[in-house]
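All remarks here apply to the structure that follows.
Quick note: the coordinates plus some simple rules give every number you see, no bench work behind them. Everything numeric here is computed off the predicted structure, so don't read it as measured data. A quick note on method: Cβ atoms are made from the backbone with ideal geometry, for glycine too, and the neighbour counts reach across all protein chains shown.
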Amino acid sequence: MTPESITQIIAQAVAQESARGQFQQELRTRAEALHGLFRVEAEDPAGALYGFAREYVEMTPGLIHCVRICAERAGVGALFHPFLRTATGYFAHPSVLLAGYEGLEGLLVKAYQCHRLMEEMYENNRSFRNSNLLEPEATEANLLVHHLIGEPFANELDQAILVTVRQIVGSGDYYDLDLAPFVAQASDEAWQWMREYWTNLLARNGIHFRFSFRSAL
């Protein structure tokens with residue numbers, strides 16, 4: 001499955017949600033029970049959460065495409081192929097864990113799997129961790145989606161992703177692998193759109209953290 005195919009699937013789900021409003025109604029309940037870490041400054045908190053969730057889902061194909069392009073330009077496309085195959089597989093061959101999750105809500109879960117997979121890939125390599133490629137706001141966004149999905153299911157997803165990363169990486173050698181060529185490619189304009197998107201995603205929808213990962217760094 002290609003990023004373009006995923007984009008089409010997302011567009012269809014957004015159109016269905018616009019007609020039915022099922023997920024938006026569910027978010028009204030979740031907005032009332034939102035974790036104390038989050039503050040929504042909007043007249044319609046559920047609408048703000050929906051805007052955030054929709055953008056989070058819609059950026060997923062772009063993330064996959066961006067990683068693929070940077071990896072190919074850096075000459076490490078083969079290394080990233082398993083990660084990209086797994087990320088697209090979340091949409092093409094969803095886990096049995098997602099049984100009963102449909103529409104935009106189901107796509108939010110799949111997008112969360114993709115974003116968390118890339119986050120773990122980042123955390124498990126020295127070159128990435130020293131690069132500051134991943135904005136703190138990306139971690140904050142993932143944490144918000146974790147709470148929107150709800151526990152214990154979100155915890156099950158996280159555990160499954162950790163197992164998947166270990167299977168892909170195969171050994172501890174990945175941590176010390178020199179991925180500076182990828183970092184160099186990702187430092188140019190091919191990555192900048194995503195950096196800006198992440199940085200403003202929460203604030204753009206009137207959502208703020210009471211604790212800032214950025215201030216804690």
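If each residue of separation counts as 0.36 nm, what is the full-extension length gain between GLU4 and HIS93 once their alpha-carbon separation is subtracted?
Length difference between fully extended and current span is 30.4 nm.
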Practice task
Please list 57-63, 155-161 highest first by mean number of surrounding beta-carbon atoms within 10 Å per residue.
Solution key: 57-63, 155-161
Practice task
State the extension gain, in nm to one decimal, for the chain segment bounded by GLU55 and GLU119, taking 0.36 nm per residue of separation less the distance between their alpha-carbons.
Solution key: 21.3 nm
Exercise for the section: Determine ³J(HN,Hα), in whole Hz, for all residues of the range 67-72 in sequence, where each value follows from phi through the Karplus function 6.51 cos²θ - 1.76 cosθ + 1.60 and θ = phi - 60°; x replaces Gly and Pro. Expected result: 4, 4, 5, 5, 5, 5
Handout entry: Cut-off 13 Å between beta-carbons: net charge of the residues surrounding HIS65, Lys and Arg +1, Asp and Glu -1
Key = -1
Fill in the blank from the handout: Cβ-Cβ cut-off under 14 Å around THR2, Lys and Arg +1, Asp and Glu -1: the net charge is +1
Handout entry: Net charge, ALA160 excluded, C-beta distance under 12 Å - Lys, Arg +1, Asp, Glu -1
Key = -1
Exercise for the section: Could you work out the relative contact order of the chain, using alpha carbon pairs under 8 angstrom and six or more residues apart, expressed as a whole percent? Expected result: 32
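Of the listed peptides 95-101, 13-19, what is their order by residue-averaged count of other C-beta atoms within 10 Å, with the highest listed first?
13-19, 95-101
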Practice task
Kindly provide the Kirkwood hydrodynamic radius of the range 32-150 in Å, to one decimal, from all pairs of distinct alpha carbon atoms.
Solution key: 15.6
Practice task
Take every Cα pair under 8 Å in the range 67-155 that's 6+ residues apart, average their separations, divide by the length, and report that relative contact order as a whole percent.
Solution key: 22
Fill in the blank from the handout: Sequence order, the range 40-56: Karplus ³J(HN,Hα) from phi using 6.51 cos²θ - 1.76 cosθ + 1.60, θ = phi - 60°, Hz rounded, Gly and Pro as x, gives 9, 9, 7, 5, 10, x, 5, x, 5, 5, 5, x, 4, 4, 5, 5, 4
Exercise for the section: Treat the chain as a sphere of radius equal to its Kirkwood radius over Cα pairs and apply Stokes-Einstein at 20 °C in a medium of 1.002 mPa s; give the translational diffusion coefficient in µm²/s, rounded to a whole number. Expected result: 120
Fill in the blank from the handout: The FRET efficiency for ARG28 and LEU177, from their Cβ-Cβ distance with R0 = 30 Å and rounded to 0.05, is 0.10
